[in-house]
Amino acid sequence: MLAGIDPPDGRTLMTDRKIALITGAGRGLGLAMARHLTRSGVAVLGTYLTSERQAAEASGPDLVFCRLDVTKIDTFPDFVTTVRSTLRERFGMETFDYLVNNAGIGTYASYAATTPDQFDEQVRINLRAPFFLTQALLPLINEGGRVLNVSTALTRGVVPGMSAYAATKGAIEVLTRYQAVELAERSIRVNTLMGGAVLTDFGGGIMHAPDTQKLAAHAIAQGRIAMPDDTTAMVPAILSEAFQWATGSIIDVSGGQSL
């Protein structure tokens, strides 16, 4: 299912600009990334799962969406076909330049109380999905492209109740280094964007609670939790040629959380 506006008179939207694919782009940080990229001249294909209305409202000539459940890796071959056809129909291309593995989930539960189902869900979405989705999309990523994975400052500083989530993100940081080495033969650079506490609806919108904001702010050098733009405004630069010699890196945009 596509959310967007059709090209005029059935024509494709031809462009010489770079193209990015962002998972979990229907809202929150993913949508903020998409908007910053389009403003910088990058065309974006985003995915959403449940936020169809938000995706439809955000859609435009340079930002189109398709639905993807990242937990269902058996659907990834069909998704690749959808991506290829969407790129061709909307942008006049069959490949893209940047992959941002943004889709994620965080479930608050103490280590002692975390259930196997809670653990497995976070592994499926936060680790298994980006591992195999990137693998499936490799034939469509241009030589010299970029992969940007997303981690958290919780891999550096402990917040009780987030052990499973932080463990999956720690694994993502390791995966990034391996991808950086193994994809270097195609000059694909792979980095990790490490954020901190951000005011979004992630984790059930826990950061909207004033007490939670105050507690989190004490652990951040900047003295407050981030707004989405604080952590996403630099994404276009990170994906650009100006950042071309960085790979296997963790880029800390947490505002100094847990220093």
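Considering only PRO139, GLY161, LEU63, and ranking their Cα positions along the charge dipole of the stretch 2-252 that arises from unit charges at the beta-carbon of Lys, Arg, Asp and Glu, the one farthest toward the positive end is GLY161.
With a Förster radius of 25 Å, plug the Cβ-Cβ distance of GLN213 and ALA113 into 1/(1 + (r/R0)^6) and report the FRET value to the nearest 0.05.
Using R0 = 25 Å, I get an efficiency of 0.55.
For the stretch 106-259, give the share of DSSP beta bridges that are antiparallel, in percent and rounded to the nearest 5; count only bridges with both residues there. So the antiparallel bridges in the stretch 106-259 amount to around 10 percent.
Full extension of the chain between GLU57 and LEU138 gives 26.2 nm of extra length, using 0.36 nm per residue less the Cα-Cα distance. Restriction of the chymotrypsin sites (Phe, Trp or Tyr not before Pro) in the stretch 100-169 to DSSP coil positions whose beta-carbon has at most 16 other beta-carbons within 10 angstrom yields TYR108, TYR111. Taking amide hydrogens as placed 1.01 Å from N in the peptide plane, the amide H of VAL147 sits under 5 Å from those of LEU99, ARG189, VAL190, ASN191, each at least 5 positions away in sequence or on another chain. Sequence-ordered 3J(HN,Hα) estimates for the stretch 188-198 from the Karplus curve with 6.51, -1.76 and 1.60 and θ = phi - 60° stand at 8, 8, 10, 9, 10, 8, 9, x, x, 5, 10 Hz, glycine and proline given as x. For ARG224 and GLU241, the difference between the fully extended length at 0.36 nm per residue and the C-alpha to C-alpha distance is 3.0 nm.
For the stretch 2-252, give me the percentage of DSSP beta bridges that are antiparallel, rounded to the nearest 5 percent.
Numbers: 3 of 31 bridges.
Here the share of antiparallel DSSP bridges comes out near 10 percent.
Proximity of backbone amide H atoms, modeled 1.01 Å from N, is registered between VAL44 and ALA20, LEU63, VAL64 at under 5 Å, excluding neighbours fewer than 5 places apart on the same chain.
Relative intensity of the chain on a log10 scale, I(q)/I(0) at q = 0.11, 0.12, 0.15 Å⁻¹, equals -0.57, -0.68, -1.08, per a Debye sum over C-alpha point scatterers of equal strength in the absence of solvent. About its Cα centre, the chain has a charge dipole of approximately 300 debye under the convention of +1 per Lys or Arg Cβ and -1 per Asp or Glu Cβ, with nothing else charged.
In a fully extended conformation the segment linking THR81 and ILE250 would gain 57.7 nm over its present Cα-Cα distance, using 0.36 nm per residue.
No value in this document is a laboratory result; all are computed from the given coordinates. Not measured: the values here are computed from a predicted model. Neighbour counts are summed over all protein chains in view; Cβ atoms, including those assigned to glycine, are modelled from backbone coordinates with ideal geometry.
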